[in-house]
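Below: one structure, written as structure tokens.
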Amino acid sequence: RIEMEEEIGDDLAHQARELRRQMSRREEELVHTFRKQEAALEEEVRRIKEDLYRDMDSECTALNAVGLDVSNVASRGTGCRVLRVSGIAEDAGIMSGDVVTNVTTAADIQRKEDLGGLLAGAKPGEQMMLTLERDHRDVQVVVNVGRR
């Protein structure tokens, strides 16, 4: 009986060691898989950031190309306020303090990124009608998008 108990004890100890080895291997596999997924996600985040920065640069360049410096209108939740105006935008009659609320080629302007994106996508020489809020009235102006 003692021999049998010793054999069972040895067998259980062997099984426990084997289970610990298997668990250790599985843990290593999981860590390896996690690290690969983490690296892939980091690469995807890096690519998305590059795309966003490229889009932001394009939008800012487009706004600058027509002579607009704008900011989002937080109090209204929509539109973008013209801070400074020059060049093409000034020639079209846009004034500092105007709020751009709509472009005829798209839906309402919610943020400056909307306006910048539309201008960035316009072809040189394309005309765009902007709806502005000025002194609590809607004013429409035509902007001839210049060369970039």
Rounded to the nearest 20 debye, what is the charge dipole size of the chain about its Cα centre when +1 sits on each Lys and Arg Cβ and -1 on each Asp and Glu Cβ? 880
Take every Cα-Cα pair in segment 1-147 and report what % of them are more than 23 Å apart. 55
For the chain, calculated [θ]222 nm from helices alone, where every DSSP H run of n ≥ 4 adds -39500 (n - 2.57): -19000 deg cm²/dmol
Enumerate the calculated ³J(HN,Hα) couplings along segment 33-40 in order (Karplus 6.51 cos²θ - 1.76 cosθ + 1.60, θ = phi - 60°), each rounded to whole Hz, writing x wherever the residue is Gly or Pro. 4, 4, 5, 5, 5, 4, 5, 5
Take the solvent-accessible surface of the protein heavy atoms, probe 1.4 Å, and return the percent of it on the chain that carbon and sulfur atoms account for. 51
Using only protein heavy atoms and a 1.4 Å probe, report how much of K112 is accessible, in Å² to the nearest 10. 70
Taking Cα atoms, the helix 112-121 axis meets the longest principal axis of the chain at an angle in degrees (rounded to 10) of 80
Top to bottom by accessible area (1.4 Å), largest first, where do R20, R47, R1 land? R1, R20, R47
How big is the accessible area of R84 in square angstrom, nearest 10, if you roll a 1.4 angstrom probe over the protein chains? 150
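The values are calculated or read from the model by the stated rules, or taken from the named source; none is laboratory data. No experiment lies behind these values; they were computed from the predicted model shown. As a convention, Cβ positions derive from the backbone with ideal geometry for all residues, glycine included, and neighbour counts pool all protein chains shown. SASA here: full protein model, heavy atoms, side chains in, ligands and nucleic acids out. Shrake-Rupley method; radii C 1.70, N 1.55, O 1.52, S 1.80 Å.
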